[in-house]
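Notes follow the structure.
The values are calculated or read from the model by the stated rules, or taken from the named source; none is laboratory data. The shown structure was predicted, so the numbers you read here are calculated from the model rather than taken from an experiment. FYI the Cβ positions are ideal-geometry reconstructions off the backbone, even for glycines, and counts take in every protein chain you see.
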Amino acid sequence: MTVATGPGEGTLSAPGFAEEALPWLDAVYRFALRLTGGDTAEAEDLAQETFLRAHRHWHTYRRGTGARAWLFTITRNTFLRRLERLARRPEVTQTDVGFDIGDVSPTDIFDKDVALPDREFFDSFIDEEVIRAVEALPTEFREVVVLSDVEGLSYAEIVEVTGLPLGTVKSRLFRGRRQLQRALYEYAVEMGYVRGGTS
Amino acid sequence: MKDEAASCRETMDRLWELLDSELHGPDSERLQAHLDRCQSCFPQYDFQRAYRAFVASCCRHDAPPELRRRIFMALLEEESRGG
């Protein structure tokens, strides 16, 4: 079955592509935009390349298994290949090795002498400030934070997209969130949104 | 023992699994039971829950309509070339 999903110019004949892959165009673009650090032209090219590759390899996709994680995998691999071409490899960290989440409790998100802000803390920010803070995260933290907190992927799906072991995904998520919250907190103190200081 | 509420330590260790909907059944219930009555853990839970909702709402813009059109045209072109 083919379904017209475009703006009336024609129909795609790849079976199921229009129904299963194209609905994720916004999500793929958002992920691409965060990977490229907010470069819209790069992100658009990356999103287009993702869909062209996905279309070419559509026969390898198992229908009905949820194309989102499958597409994100292509987006990420395409992005990494582009970086290699530009000889701009993302920072590779060895810091996951031996890291135990149990060593740091979520109560240590802020320094021990700083009181946890109220949940209203988040109301002070405008979207651009948050996006800047997300984009300032190192790539290996940024991708897992975006996949989980923005796109809502499960741990298993993030493992599928990144090819990382589950423990590494959890540790990067934990540390990425912590770093993001700290950056937001410091920014909020600087801007006078909250009063810094000791509890 | 298994049905009792979780400890503070366990609740904090597994807080993100709970918030990320990775805990189910009895594990989730034990943590929820602890959070319902712990004045030190609940604010952490509440804050992180607010964080999650907040980040999702800030970064969820859609693709530009021209991009949607451009991608669709590129796919059609590839199919017409027999790709």
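Output yes when any residue across the range B:54-67 is under 22 Å from A:Y155 (Cβ atoms), at pLDDT 90 or above and either at the interface with chain A (Cβ under 8 Å from one of its Cβ atoms) or in contact with a Phe, Trp or Tyr (Cβ under 9 Å, 6 or more places away or on another chain) (or both), and no when none is.
Yes, the range B:54-67 contains a residue that is under 22 Å from A:Y155 (Cβ atoms), at pLDDT 90 or above and either at the interface with chain A (Cβ under 8 Å from one of its Cβ atoms) or in contact with a Phe, Trp or Tyr (Cβ under 9 Å, 6 or more places away or on another chain) (or both).
When the residues of the range A:5-16 are narrowed to those that are in contact with a Ser or Thr (Cβ under 9 Å, 6 or more places away or on another chain) and within 10 Å of chain B (Cβ to nearest Cβ), which ends up modelled with the lowest pLDDT? Can you show your working first?
Within the range A:5-16, the first condition is being in contact with a Ser or Thr (Cβ under 9 Å, 6 or more places away or on another chain), and the residues that meet it are A:5, A:10-15.
Applying the additional criterion that residues be within 10 Å of chain B (Cβ to nearest Cβ) yields A:5, A:10-14.
Details: A:T5: 49, A:G10: 74, A:T11: 87, A:L12: 88, A:S13: 88, A:A14: 89.
Residue satisfying both the conditions and the ranking: A:T5.
From the list B:E29, B:E10, B:E66, pick out the single residue that is under 30 Å from A:D39 (Cα atoms) and part of a helix (DSSP H, G or I). Step through it out loud before you land on a result.
Working: B:E29 fails: under 30 Å from A:D39 (Cα atoms); B:E10 fails: under 30 Å from A:D39 (Cα atoms).
Being under 30 Å from A:D39 (Cα atoms) and part of a helix (DSSP H, G or I) holds for just one of B:E29, B:E10, B:E66, which is B:E66.
Any residue in the range A:40-52 that's within 8 Å of chain B (Cβ to nearest Cβ) and within 12 Å of A:I74 (Cβ to Cβ): show its pairings with residues that are surrounded by 18 or more Cβ atoms within 10 Å (Cβ to Cβ) and of a type in the set (S, T, Y) at Cβ separation under 6 Å, as long as the two are six or more apart or on different chains.
From the range A:40-52, the pairs are A:A47/A:Y29.
Every residue in the range A:53-67 that is at pLDDT 95 or above, among the basic types (K, R) and farther than 13 Å from A:N77 by Cβ, please.
Within the range A:53-67, A:R56 is the sole residue that qualifies.
Tally up the residues in the range B:13-26 that are part of a helix (DSSP H, G or I) and surrounded by fewer than 14 Cβ atoms within 10 Å (Cβ to Cβ), please.
To start, the set of residues in the range B:13-26 that are part of a helix (DSSP H, G or I) comprises B:13, B:15-19, B:25-26.
Of the ones still in play, those that are also surrounded by fewer than 14 Cβ atoms within 10 Å (Cβ to Cβ) are B:25-26.
The total comes to 2.
Table: residues versus (1) assigned to a helix (DSSP H, G or I); (2) facing chain B (nearest Cβ under 9 Å); (3) surrounded by 16 or more Cβ atoms within 10 Å (Cβ to Cβ).
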{"site": "A:D123", "(1), (2), (3)": "yes, yes, no"}
{"site": "A:D149", "(1), (2), (3)": "yes, yes, yes"}
{"site": "A:I158", "(1), (2), (3)": "yes, no, yes"}
{"site": "A:V161", "(1), (2), (3)": "yes, no, yes"}
{"site": "A:K170", "(1), (2), (3)": "yes, yes, yes"}
{"site": "A:F174", "(1), (2), (3)": "yes, yes, yes"}
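Report, by residue number, each residue of the range B:12-42 that is farther than 22 Å from A:G152 by Cα and in contact with a helix residue (DSSP H, G or I) (Cβ under 6 Å, 6 or more places away or on another chain).
B:H34, B:L35, B:C41, B:F42
Please pick out the residue among B:R60, B:R68 that is free of Cβ contacts under 8 Å to residues at least 40 places away in the same chain and more than 23 Å from A:D127 (Cα to Cα). First the steps, then the outcome.
Values: B:R60 fails: more than 23 Å from A:D127 (Cα to Cα).
Of B:R60, B:R68, the one residue that is free of Cβ contacts under 8 Å to residues at least 40 places away in the same chain and more than 23 Å from A:D127 (Cα to Cα) is B:R68.
Just name the residue that is nearest to A:L166 (Cα to Cα) out of those in the range A:133-147 that are more than 10 Å from chain B (Cβ to nearest Cβ) and free of Cβ contacts under 8 Å to residues at least 60 places away in the same chain.
A:V144
Got a sec? Which of B:Y51, B:Y45 is facing chain A (nearest Cβ under 7 Å), closer than 20 Å to A:F174 by Cβ, assigned to a helix (DSSP H, G or I) and not β-branched (V, I, T)? Break it down stepwise before answering.
Details: B:Y45 fails: facing chain A (nearest Cβ under 7 Å).
The match here is B:Y51.
Please work out which one of (1) under 17 Å from the mean Cα position of the chain (by Cα); (2) exposed (fewer than 14 other Cβ atoms within 10 Å of the Cβ); (3) more than 19 Å from A:D149 (Cα to Cα) is the condition B:A53 fails and give its number.
Here B:A53 clears every test but (3).
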